[in-house]
1. If a/c stays under 1.5 just call it rounded; otherwise compare a/b with b/c (prolate if a/b is bigger, oblate if not). Do that for segment B:30-113, with a ≥ b ≥ c from the square roots of the Cα gyration tensor eigenvalues.
2. Show me the ranking of peptides A:86-93, A:2-9 by mean Cβ neighbours inside 10 Å, starting with the highest.
3. What whole number of Å gives the distance from the Cα centroid of segment A:75-112 to the Cα centroid of segment A:1-61?
4. Each residue of segment B:67-81 in turn: what ³J(HN,Hα) in whole Hz from Karplus with 6.51, -1.76, 1.60 and θ = phi - 60°, glycine and Pro shown as x?
5. Which GluC sites (Glu not before Pro) in segment B:14-102 sit in a loop by DSSP (not H, G, I, E or B) and have at most 16 other Cβ atoms within 10 Å of their own Cβ?
6. Which pairs, out of A:13/A:57; B:2/B:67; A:13/B:105, put more than 18 Å between their alpha-carbon atoms?
7. Whole-Hz ³J(HN,Hα) for each residue in segment B:51-65, computed from phi via Karplus 6.51 cos²θ - 1.76 cosθ + 1.60 with θ = phi - 60°, x for glycine and proline: what do you get?
8. Quantify how strongly other chains surround peptide A:38-44 by giving the mean number of their Cβ atoms within 10 Å of each of its Cβ atoms.
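Nothing in this text is a laboratory measurement; each read-out follows from the coordinates by a stated rule. All of these numbers come straight from a predicted model, not from anything done at the bench. Note: ideal-geometry Cβ built from the backbone for every residue, glycine included; neighbour counts use all protein chains shown.
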Amino acid sequence: KAGVTQTPRYLIKTRGQQVTLSCSPISGHRSVSWYQQTPGQGLQFLFEYFSETQRNKGNFPGRFSGRQFSNSRSEMNVSTLELGDSALYLCASSRNRDTNSPLHFGNGTRLTVT
Amino acid sequence: QKEVEQNSGPLSVPEGAIASLNCTYSDRGSQSFFWYRQYSGKSPELIMFIYSNGDKEDGRFTAQLNKASQYVSLLIRDSQPSDSATYLCAVNLSGGGADGLTFGKGTHLIIQP
């Protein structure tokens, strides 16, 4: 069974640009969450999508947005990139939103903003 | 502000010994607790999750939860060099974490051959 797939693995962008990251969840998983990981702040929750609807959002500015498609695949967009957006962006999927559905992470997209 | 605290380490344990990793959390309403392992340059990998007070065992791993003390731990028996990694504790108010896990910053574990 394939795991969570994220593309691309690496990205280099310049300040002010925008970027789109993609995530394909484990087959049968309907919830997709996004996290940002930096050395200083650790893993921080960005948002979660279920049935094409954003269900929860972390404490990030509106430059960070996402969406989910009918096949549960998800994209995350960051506009007007800042140097501080350099991080590992992790997508995680779970079968649904109940207690017995822990998160499984993809390999991440490492974004570098110059 | 929900907080999850872990000792950053490094925690050095001889091969074959028991490694004990600890985590405290601030939100008394937390209901689900997770341990993830993260190798350098890799993504977090789920090891165990626990919802009820007490112990939960899976192979060489045992998770222990004490909600009254707001404390969760992970024991690794017969530690192997391949267990060397950063261990992340995560908590959630409910469910499996889809509505947002709060992570600690991790404990760096080193198993010495």
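1. Values: a/c = 2.17, a/b = 1.40, b/c = 1.55.
Oblate is the answer for segment B:30-113, as a/c is 1.5 or above yet b/c matches or exceeds a/b.
2. Values: A:86-93: 23.8, A:2-9: 14.6.
The most tightly packed comes first, giving A:86-93, A:2-9.
3. 2
4. Along segment B:67-81, the couplings run 5, 4, 8, 6, 9, 9, 9, 10, 10, 10, 8, 6, 4, 10, x Hz.
5. Values: sites: B:15, B:45, B:57; in loops: B:15.
When the GluC sites (Glu not before Pro) of segment B:14-102 are filtered for loop state and at most 16 Cβ neighbours within 10 Å, B:15 remain.
6. Working: A:13/A:57 25 Å; B:2/B:67 15 Å; A:13/B:105 27 Å.
Where the Cα-Cα span goes over 18 Å, the pairs concerned are A:13/A:57; A:13/B:105.
7. 10, 10, 4, x, 10, 9, 10, 8, x, 7, 9, 10, 9, 10, 10
8. On the way: counts 0, 1, 1, 2, 9, 11, 4.
That average works out to 4.
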